[in-house]
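First comes the structure, then the notes that go with it.
Only the coordinates and a few stated rules stand behind these numbers; no lab work does. Nothing here was measured: the structure is a model prediction, and the numbers come from that model. Backbone-built Cβ (ideal geometry, glycine too); neighbour counts: all protein chains shown.
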Amino acid sequence: MLNRLLHTLDNIAVATRMPDLPLDAEKLCATALRTARRGAFGDRSFVEPMQVLFESYDREANLNVAGRYSARWDALRCLANLLRFDAEEERDGRILAQRIERPIFITGLPRSGTTLLHSLLAQDDAIRVPRVQDMIFPYPSRAKGRDDRFEQVERQLRLFQILAPQMKAMHPLSADGPQECTEITAQVFQSLRYEATHRVPSYQNWIDLGGHLAPYRFHKRFLQHLQHQNPGGRWILKSPDHIHAMSAIETVYPDSGIVFVHRDPVRVAASAMKLTEVIRRPFTRHIDKDEIGHQVLARTEEATDIMMVREKAARHSRVFHVYYSEFADDPIGTIETLYRHFDLEMTPATRQKMRASLAQMPASKNKYALEEFGLDPDNLRERFEPYVEYFGISREFGTRLAPVQAVAAE
């Protein structure tokens, strides 16, 4: 019903030539400053990427009414978080002295089991993962006098699931569940998250040319704020998009460990294309599935190339490889091997919690068709053959899928 209402309102807006809700970086900055009662931002380096993103929204994203209002809300939320960081750092100089020691980054191909792996690792009380509510609101509101972030974020997630009902089956989210790091770098408007949620090719090109060092320096600052509020635990961080920022990660976190997750790239590409469509659809007036197909394919090819280049360069001593077929057959055994690689302790209590979490995960019934996105599976198999052969990846596309408990959270 809500989707029909929003569609009707958008049709009215188009028919009456109602002016689009403006997305002006400087005006939104001024609004955020007034709301926070602050005189200035401590660092304005986010303004240029914000302007590039908004220009791409205006020229390329074809946002509908819901898309423009959600983009404005999201930008104001990020600006409010930046101002809160400034204020907290003025009050307590110890925040930026927090040491983020030996973090582990899970990356690789999208839709390859990284979410399931991260969710199981989050069962260990000795491990820290960024939670969804922490990403959206890293600090509780002072004005409310209590921490209601969980309830607030759960309401927002329920609304999004109404707008995108397929999301729950493809990528379930909860306020206290682990979240991808693209949400952190999005706070300074330099994130590959935006190319998944909207059609923004010029912004995407700008990000690729500019590199990822600045957003990953902010990434560390974000973790320092979370750790200052709740000390303890070793950070395990996850995003398939980390693969495109390996140099920045190694610069900002020189003692980091890396987990590469491998899966049949034809299978993951088909899944990632469908997820991109599902995420974009509520916020745009037009979906070009062929364009989504080629965009996701390009990123997938880039990821496979990076993993091969880095492995051939003998930088693998810090890398642990997870193969989806093995992980699907024996999730706990795979994690125990990962623990030994990174000198983590697997306690009986943690092992039991992981098994209990795995048993509760729903079965996956998702099906994907590359032809829906204008692509030929046989052609993709040929294109990805070097990666599949190099790492010995098990073929999945067109065959019976892995056990349901292992594909419940891709």
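A few notes on this one:
- Couplings for region 258-269, taken from phi via the Karplus curve 6.51 cos²θ - 1.76 cosθ + 1.60 with θ = phi - 60°, read 10, 10, 9, 9, 10, 7, 3, x, 5, 5, 5, 4 Hz in order; Gly and Pro are left as x.
- Of interest is the spacing of the C-alpha centroids, which for region 319-377 and region 168-208 amounts to 22 Å.
- Counting only Cα atoms, the size of region 244-396 along its three principal axes is 49, 40, 31 Å, in decreasing order.
- Residue-averaged [θ]222 nm for the chain, counting only DSSP H segments that reach four residues, each worth -39500 (n - 2.57): -16500 deg cm²/dmol
- Bins of 10 Å from zero: percent of alpha-carbon pairs in region 22-153: 9, 29, 35, 24, 3
- Contact order for region 187-277, expressed relative to its length and based on alpha carbon pairs under 8 Å spaced 6+ residues apart, stands at 32 percent.
- Amide H to amide H distances under 5 Å link V259 with F105, I106, T107, F320, where only residues 5 or more positions off or on other chains count and H is placed in the peptide plane.
- Given the chain, longest segment not containing exposed loop trypsin sites (Lys or Arg not before Pro) (DSSP; at most 11 other Cβ within 10 Å): 147-364
- Net charge over other residues, Cβ less than 13 angstrom from the Cβ of E302 (K, R count +1; D, E count -1): -2
- Least to most buried among L63, L23, L76 (fewest other Cβ within 10 Å first): L76, L23, L63
- The mean sequence separation of alpha-carbon pairs under 8 Å and at least six residues apart, normalised by the residue count of region 43-178, gives a relative contact order of 21 percent.
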